[in-house]
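The values are calculated or read from the model by the stated rules, or taken from the named source; none is laboratory data. Bear in mind the structure is a predicted one, so any value in this text is a computation, not a measurement. Glycine also receives a Cβ, built like all others from the backbone with ideal geometry; neighbour counts cover every protein chain displayed.
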2 protein chains.
Amino acid sequence: MAAADAGRAVAGLQELRRLTGDDGGAQRVAWTDTWITAREWLRRELDGIEGVTVETDEAGNTWASAPGGRERFVIVGGHLDSVPDGGWLDGALNVLAGLEVLRALAHEERPVGLKLVDWADEEGARFGRSLMGSSASAGTLDPDAVRGLTDRDGWALPDALAAHGVTLERMGDSGSRLEGALAYLELHIEQGPVLEQLDLPLGAVLGTFGVQRHMVRFTGAHAHAGATPMDLRRDAFLAAARSALAWRDDAARRDDVRATAGVVKVSPGIVTAFNGSCEVSLDQRALDAHVLGEMLATAKADSERIAAEEGCEVAWDQVWEIEPIPFDAELIELADESIQAVSGTTHRLPSGPLHDAAEMARVMPTVMLFVKSLGGVSHTKEEDTPIADLELSVRALEELTRRTLSWAGERAVS
Amino acid sequence: MAAADAGRAVAGLQELRRLTGDDGGAQRVAWTDTWITAREWLRRELDGIEGVTVETDEAGNTWASAPGGRERFVIVGGHLDSVPDGGWLDGALNVLAGLEVLRALAHEERPVGLKLVDWADEEGARFGRSLMGSSASAGTLDPDAVRGLTDRDGWALPDALAAHGVTLERMGDSGSRLEGALAYLELHIEQGPVLEQLDLPLGAVLGTFGVQRHMVRFTGAHAHAGATPMDLRRDAFLAAARSALAWRDDAARRDDVRATAGVVKVSPGIVTAFNGSCEVSLDQRALDAHVLGEMLATAKADSERIAAEEGCEVAWDQVWEIEPIPFDAELIELADESIQAVSGTTHRLPSGPLHDAAEMARVMPTVMLFVKSLGGVSHTKEEDTPIADLELSVRALEELTRRTLSWAGERAVS
C-alpha cells in the first residue's frame, strides 16, 4: 500500500501557480486560455498514471477513472478554475490532492472504482453563474436561466461554451456520469478563520449553509439636526441600527448560524439632518432549514417592533434564498476519523461559501474536509495555508478516500 | 396708539412671493437681481413712511430709522434674502412684520429710537458664508477667511460684492451703526416641529445652540458573511450603530440638546461581507457650553468603549464648532409676556438653526420670537405657516417692540 505523495501535490500547486498566475494572483478563470493551460497540465499528469482513463463530459468536466471491482465508484472532486487575481489553493488544492490520491490508489485492489473530477467553472467568475459544471451534472442547471448571460466584453455564455466544445442545451447529459456513484469527497481551504482560531489544521464539514437574503428599507422622515427635538424624530438610520444589532444578537446565540448587515445606505446622508430612509441588506445563514426560517421570522418581527418604536415603517424584499445542504452523517463520521488519524485532533464546522460538494450532496452521500486558511482570506493572492498543513490535508484526503472506498464497498454489496 | 397692520404684513409677503418667486419657490438669493427686486420693493414701502430715513451701510445692510427721544435705539431685524427654491417666510416675515411695526410706531412718542435692519446675505446661499451682513456689523467677519470664496459660476465673492457697491475690506465699518443700540429683536419661523406639536402659535427663543461636529471613523476588518462566525467578527458598522444609539440615548435625557448621526458610509458595503470600516458624522448641539462639552466627552468615551467591545478602533476628527449663544434673560421675559398677551399661552424653546440674532447677541441684549412652522419644514417652497398665526406673530412682535422700547428707555436713563 503506497501512500499518496503529499509533497508532490504541493509541488504541483506551486508549478500551477508559476504556469497560470501573475503578480495579481491566480488567473485560471473558466473558459479562458489560462484555464486551458492549467487543464492541459492536469491532463499530462493524469495521462502519466497507468490504467487511468481520462474523458471530458458534456458539461466540460474532466473525469479520470481508475476502475474498481464493480461498476460502482467513489468520486473525489475539485476545480482548477479561479477568480481573477485569485489564490493558489481555492479549488486547485482539491484537484491536486485528488490527483496524488488517485496516483497512489490506482493500482491497489479496491472494492469499488475511484474517479477524480475537475469541475468546469465552479467560480462563475466570467459569467456570474457559479457551480456550472457540477450543477449541470446534478440536474439543477436550467439552460434558459443562463442563456442570456454575457461577460464584461459582451461575449454570450453559449458562445464561450461552444468555443470550448460545450453545448449549453446538452450540459445536463453529463448527469449520466453519476450513475453508479456511491459517494463524493472534496477537500478545500476553509476560507474562514475558525480552524486557525482553534489552532487546528483540519475540520470535517457538516454541510453548506442555507441563505435568506433580503433588502430591508426603513422609512421615517428626515429633518434638521438642530430644529428637531430628539423625541419628535423619526430617524430611519437609528431604526436600522437597532434592528441590525437585534439581528446580530439573535444570531450570536448559536455557533451554526450567521447574520450580516452589509449594504447600508442612508438618505439624505448629510451632516445637518437625521435620515428619513435607510436601506440595509440582511444575509442570514443556517445549517438547519427550520432554524433559518425561525431566524427570518424573528428578524422581521424585531424590525417591525423597532420601526414602530422609532416612528418608522419597514419593508422587506427578498433578494435570494437557498436551502441548507447537510452532508452525509456517516461520511462526516469517516471524515472525523480520518482527520483524527492523521492529526490527532478534529473539529466539525459548517461551510459558509457554497462548493461543488453542495450540488453533489443533492444526489449522493457527500462530505468535505477543510484545511486551515491563514487569516480566513481567499479569492485574493494573499490566500495561504502553511505547507505542513497542506501536506496533512492530502494525507487526510487519502485516509478519507480509503475509508470511504471500504464503506462504499459494503453498500455496493448490500 | 395705532396697532401694526398684521394683514398688510401678510399681503406684503404674498406680493414679494409674486415678485421674486417662481414655480420652484423663493429666489431671493443675496447679491442677485431678484434680491435687488425685493429690496427695491422694501425701499418703496419704507420711503412711504414719513419721518423714516433709509440708508445702506458698508456691509450692504439696509437701515430704516425712526428717531427717538435720545440717540439710543432698539433694532428689529430680518433678511429678505432666501436660499434658491426657498420658502416665502424664512427671513422675509421678520422684515415685513418689522416694517408694519415701524409704520405703526414711527409717529408715536418713544423713549428711544427704533430701527429696522434688512441684513445682507443671511443664508450664504451663493458663496457658502452665512450671516455675512450681521457678522460684519458684529465684528466677527474675517475678510481674509472669505476673500477666496467663489460661486458655482466661478464669480469671486469680492467681485460680486463690488457689483452691489460693497467693498469686502470695509464691511466691518458697518459696526459703527450699532453704537447706541440697546436691544435687538427678531421674529422668525421656527423651522422645526416643536410649536406645531404643542399646538402653540408662538414661542420665546432661549438662544442658539452651540455645535460640535465630528466625523467618527470605526475600523474593524471585513470578511465573508458565511465564513466568519459571529464571535470572531470585527464589524465596524455594528460598532458605529451601537455608538449612534448611545449618542442618541444620552441626548434624549434633556430637551435642550440634540445629537444627530447623519452621514453613514460603510466599506465594503456589499451583501456578502460585514463591514471593516464605517464613517459616521455626529452633530451635537446644546444651549449650555458646559453641557455641550460633557456630551462630547461622553460620546467619545461611549464610542471608545463600544469600539473596544466590538474589536474595532475609532478615530474622531472635528469638522466644525461654534459656542452656544444664549439670549438676554430680561428680553426673554419680555418676549414671554408679549406672546402671553397676544395668544394667552407661551413656551420657551432653543433655536436649532443660526440666525442674524446670534451675531447681535454677541454685542447687545437680544431675543427672538418663533412662530409655528407647518411640518417643521423650511428652505423649500413647502414652507408654510397659517395666516392667522402669521398675523398673531406680527402682533407679538409689535407687543415685544413696545415693551422693549420701555425697557430700553429705562436703561438709556440709567
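Every residue in region B:307-316 that is surrounded by 21 or more Cβ atoms within 10 Å (Cβ to Cβ) and not acidic (Asp, Glu), please.
Within region B:307-316, B:Ala307, B:Cys312, B:Val314 qualify.
Which of the residues belonging to region B:334-382 are part of a strand (DSSP E or B) and among the small types (Gly, Ala, Ser)?
Passing the criteria: only B:Ser351.
Condition (residue is at pLDDT below 95 and either touching a helix residue (DSSP H, G or I) at 6+ places or on another chain (Cβ under 8 Å) or surrounded by 23 or more Cβ atoms within 10 Å (Cβ to Cβ) (or both)) applied to region A:245-255: is it met by at least one residue?
yes
Evaluate the following for B:Arg234: is it over 21 Å from B:Glu323 (Cα atoms) and surrounded by fewer than 21 Cβ atoms within 10 Å (Cβ to Cβ)?
no
What are the residues in region B:223-239 that are out of contact with any helix residue (DSSP H, G or I) (no Cβ under 8 Å at 6 or more places or on another chain) and within 27 Å of B:Leu282 (Cβ to Cβ), if any? Spell out how you get there, then give the answer.
Looking only at region B:223-239, we keep the residues that are out of contact with any helix residue (DSSP H, G or I) (no Cβ under 8 Å at 6 or more places or on another chain), and these are B:225-226, B:231, B:233-234, B:236.
Those that are out of contact with any helix residue (DSSP H, G or I) (no Cβ under 8 Å at 6 or more places or on another chain) and within 27 Å of B:Leu282 (Cβ to Cβ): B:Arg233, B:Arg234, B:Ala236.
Does B:Thr346 satisfy being away from chain A (no Cβ under 12 Å) and at negative phi?
yes
Quick one: which helices (runs of 4 or more DSSP H) lie wholly within region A:117-205 and hold at least 2 residues that are of a type outside the set (Gly, Ala, Ser), surrounded by fewer than 16 Cβ atoms within 10 Å (Cβ to Cβ) and in the same structural domain as A:Val371 (by TED's automatic domain parsing)?
Once the helices (runs of 4 or more DSSP H) in region A:117-205 are filtered for at least 2 residues that are of a type outside the set (Gly, Ala, Ser), surrounded by fewer than 16 Cβ atoms within 10 Å (Cβ to Cβ) and in the same structural domain as A:Val371 (by TED's automatic domain parsing), what remains is A:143-146, A:194-198.
Just checking, which of A:Ile332, A:Ile387 is in contact with a helix residue (DSSP H, G or I) (Cβ under 9 Å, 6 or more places away or on another chain) and modelled with pLDDT of 95 or more?
A:Ile387
Quick one: which of B:Asp231, B:Asp283, B:Asp255 is outside any helix (DSSP H, G or I), facing another protein chain (nearest Cβ under 7 Å) and out of contact with any Ser or Thr (no Cβ under 9 Å at 6 or more places or on another chain)?
Just one listed residue meets the conditions, B:Asp255.
Which of the following residues is on the phi < 0 side of the Ramachandran plot and either without any contact (Cβ under 8 Å) to a residue 40 or more places away in the chain or not assigned by TED's automatic domain parsing to the domain that holds A:Gly192 (or both): A:Val74, A:Val54, A:Val101?
On the way: A:Val74 fails: either without any contact (Cβ under 8 Å) to a residue 40 or more places away in the chain or not assigned by TED's automatic domain parsing to the domain that holds A:Gly192 (or both); A:Val101 fails: either without any contact (Cβ under 8 Å) to a residue 40 or more places away in the chain or not assigned by TED's automatic domain parsing to the domain that holds A:Gly192 (or both).
On inspection, the qualifying residue turns out to be A:Val54.
Would you confirm whether or not region A:317-333 contains a residue that is assigned to a helix (DSSP H, G or I), surrounded by fewer than 18 Cβ atoms within 10 Å (Cβ to Cβ) and more than 25 Å from the chain's Cα centre (by Cα)?
Scanning region A:317-333, I find no residue that is assigned to a helix (DSSP H, G or I), surrounded by fewer than 18 Cβ atoms within 10 Å (Cβ to Cβ) and more than 25 Å from the chain's Cα centre (by Cα), so the answer is no.
For A:Leu198, work out the one condition from (1) within 14 Å of chain B (Cβ to nearest Cβ); (2) over 30 Å from A:Leu349 (Cα atoms) it doesn't fulfil.
(2)
Scan B:Leu99, B:Leu93, B:Leu89, B:Leu80 and give me the residue that is in contact with an Asp or Glu (Cβ under 8 Å, 6 or more places away or on another chain), part of a helix (DSSP H, G or I) and crowded, with 24+ Cβ neighbours inside 10 Å. Spell out the reasoning first.
Numbers: B:Leu93 fails: in contact with an Asp or Glu (Cβ under 8 Å, 6 or more places away or on another chain); B:Leu89 fails: part of a helix (DSSP H, G or I); B:Leu80 fails: part of a helix (DSSP H, G or I).
Exactly one residue qualifies, and that residue is B:Leu99.
Checking A:Ser267 against (1) surrounded by fewer than 18 Cβ atoms within 10 Å (Cβ to Cβ); (2) of a type in the set (Ser, Thr, Tyr); (3) away from chain B (no Cβ under 12 Å), which single condition isn't satisfied?
Against the list (1) surrounded by fewer than 18 Cβ atoms within 10 Å (Cβ to Cβ); (2) of a type in the set (Ser, Thr, Tyr); (3) away from chain B (no Cβ under 12 Å), A:Ser267 comes up short only on (3).
Report yes if some residue within region B:265-277 is assigned to a strand (DSSP E or B), out of contact with any helix residue (DSSP H, G or I) (no Cβ under 9 Å at 6 or more places or on another chain) and among the basic types (Lys, Arg); otherwise report no.
For region B:265-277, residues assigned to a strand (DSSP E or B), out of contact with any helix residue (DSSP H, G or I) (no Cβ under 9 Å at 6 or more places or on another chain) and among the basic types (Lys, Arg): present.
Do you know which residues across region B:286-303 are more than 13 Å from chain A (Cβ to nearest Cβ) and surrounded by 15 or more Cβ atoms within 10 Å (Cβ to Cβ)?
B:Asp288, B:Val291, B:Leu296, B:Thr298, B:Ala299, B:Lys300, B:Asp302, B:Ser303
Please list, ordered by first then second residue, the pairs with beta carbon atoms under 7 Å, 6 or more apart or interchain, first in region B:206-226 and touching a residue at least 60 places away in the same chain (Cβ under 8 Å), second among the aromatic types (Phe, Trp, Tyr) and part of a strand (DSSP E or B).
Note: pairs meeting the criteria are B:Val211/B:Trp320; B:Arg213/B:Trp320; B:His214/B:Trp316; B:Val216/B:Trp316.
Out of (1) crowded, with 21+ Cβ neighbours inside 10 Å; (2) touching a strand residue (DSSP E or B) at 6+ places or on another chain (Cβ under 9 Å); (3) in a helix (DSSP H, G or I), the odd one out for B:Leu114 is which?
Checking B:Leu114 against (1) crowded, with 21+ Cβ neighbours inside 10 Å; (2) touching a strand residue (DSSP E or B) at 6+ places or on another chain (Cβ under 9 Å); (3) in a helix (DSSP H, G or I), the one that fails is (3).
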